[in-house]
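Q: Pasting a structure here, questions to come.
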Amino acid sequence: MSEPVLLVERDAPIAVVTLNRPEQMNALNAELRIAIGDTMAALEADPEIRAVIVTGAGRAFCAGMDLKEIGGGGEGQTGYELSVAGQDAMRAGFENFSGPVIAAVNGAAATAGFELALACDLIFVAKGAKFLDTHARVGIVPGWGLSQRLPRLVGINRAKEISLSGNAVSAELAYEWGLANRVCEPDRLLDEACALARDICSCVPGVMEQVKSMIDTGYSMHFDEAMRYELAVGIESSKQIDSAEIGRRREAVMERGRKQ
């Protein structure tokens, strides 16, 4: 009996999702793409799970699309179908999850694997891992958001250097350029990702998720529009605020800060 292509380990409030095709460097075949969407939907429906960490089994995070499967043709394997399916999977899998999704990049994240990491809210990367965008080298264009997400993270000139050259970006350079939140020792990658996830999940349930949604929604707006949006959300939220409870929470935060 073959192993599942996706492993899920729940340790509430966190779930660790592991791409599990190590012999294929976790390349995304149709089965794995569907499993990612279905699993993330199930985790979103689980009230005990508030954060998800995505990583890869073996020596790669994700080597991109399964070119062997694509080369065999078949239903759903045209460029258009793969682009639509990929964007749907990224949206259903990550954008629609209300809490933070952290990519724990343990090895190479190439092309569609790079896009997978970019669809997450935060990126932790192990020393020795690397990012590659080989779309232009293999003769296809991005369809899962890389050409739009990458410039917003690293700036347009650096994004062009990465995507037009196809050269590898090291973990250290990824951090320097703002692509990665942290660079970790390989044996500490998941521990550090889990530690931050638990810090995030210690925030007030519902409010942390709303703040994430506000950041994501406002980021695509013009600044003035985004400020009006934040004000409107804040006014609506203030109607449900218990001032005494806010005071107690503020004191707890200050005490936590004194202990750190």
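Q: Would you check if Ala110 is under 19 Å from Ala136 (Cβ atoms) and either under 11 Å from the mean Cα position of the chain (by Cα) or modelled with pLDDT of 85 or more (or both)?
A: yes
Q: Considering only residues that are part of a helix (DSSP H, G or I), within 20 Å of Gly107 (Cβ to Cβ) and in contact with a helix residue (DSSP H, G or I) (Cβ under 8 Å, 6 or more places away or on another chain), which ones fall in region 130-152?
A: His135, Leu146, Leu150
Q: One residue is enough: does region 67-75 have a residue meeting the conditions surrounded by fewer than 22 Cβ atoms within 10 Å (Cβ to Cβ) and either at pLDDT 95 or above or not assigned by TED's automatic domain parsing to the domain that holds Ser147 (or both)?
A: Among the residues of region 67-75, not one is surrounded by fewer than 22 Cβ atoms within 10 Å (Cβ to Cβ) and either at pLDDT 95 or above or not assigned by TED's automatic domain parsing to the domain that holds Ser147 (or both), which makes the answer no.
Here's the yes/no breakdown for (1) surrounded by 14 or more Cβ atoms within 10 Å (Cβ to Cβ); (2) outside the structural domain of Gly58 (by TED's automatic domain parsing); (3) outside any helix (DSSP H, G or I):
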| residue | (1), (2), (3) |
| --- | --- |
| Asn157 | no, no, no |
| Ile162 | yes, no, no |
| Leu179 | yes, no, yes |
| Asp187 | no, no, no |
| Glu192 | yes, no, no |
| Met214 | yes, yes, no |
| Glu225 | no, yes, no |
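This table checks each residue for (1) modelled with pLDDT under 85; (2) surrounded by 22 or more Cβ atoms within 10 Å (Cβ to Cβ); (3) within 23 Å of Cys184 (Cα to Cα).
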| site | (1), (2), (3) |
| --- | --- |
| Met1 | yes, no, no |
| Pro13 | no, no, yes |
| Ala27 | no, yes, no |
| Glu31 | no, no, no |
| Glu48 | no, no, no |
| Ala51 | no, yes, yes |
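Q: Follow-up. Residues of region 119-150 being more than 14 Å from Gly56 (Cβ to Cβ), of a type outside the set (Lys, Arg) and touching a residue at least 40 places away in the same chain (Cβ under 8 Å), which ones?
A: Asp121, Leu122, Thr134, Ile140, Gly143, Trp144, Gly145
Q: Would you mention how many residues in region 18-51 are touching a helix residue (DSSP H, G or I) at 6+ places or on another chain (Cβ under 6 Å) and of a type outside the set (Lys, Arg)?
A: Count: 7.
Q: Residues in region 119-127: is at least one in a helix (DSSP H, G or I) and surrounded by 14 or more Cβ atoms within 10 Å (Cβ to Cβ)?
A: no
Q: Here is a further query. Check Gln240 against each of (1) at pLDDT below 90; (2) assigned to a helix (DSSP H, G or I) and name the one condition it does not meet.
A: Failing condition for Gln240: (2).
Q: Scan region 33-50 and report the pairs whose first residue is β-branched (Val, Ile, Thr) and whose second residue is assigned to a loop (DSSP other than H, G, I, E, B), with Cβ atoms within less than 7 Å and a gap of 6+ or a chain change.
A: Partner pairs satisfying both residue conditions: Ile49/Ala12; Ile49/Pro13.
The values are calculated or read from the model by the stated rules, or taken from the named source; none is laboratory data. Note that this is a predicted model, so its numbers are computed, not measured. With ideal geometry, Cβ positions are generated from the backbone for all residues, glycine too; neighbour counts draw on all protein chains shown.
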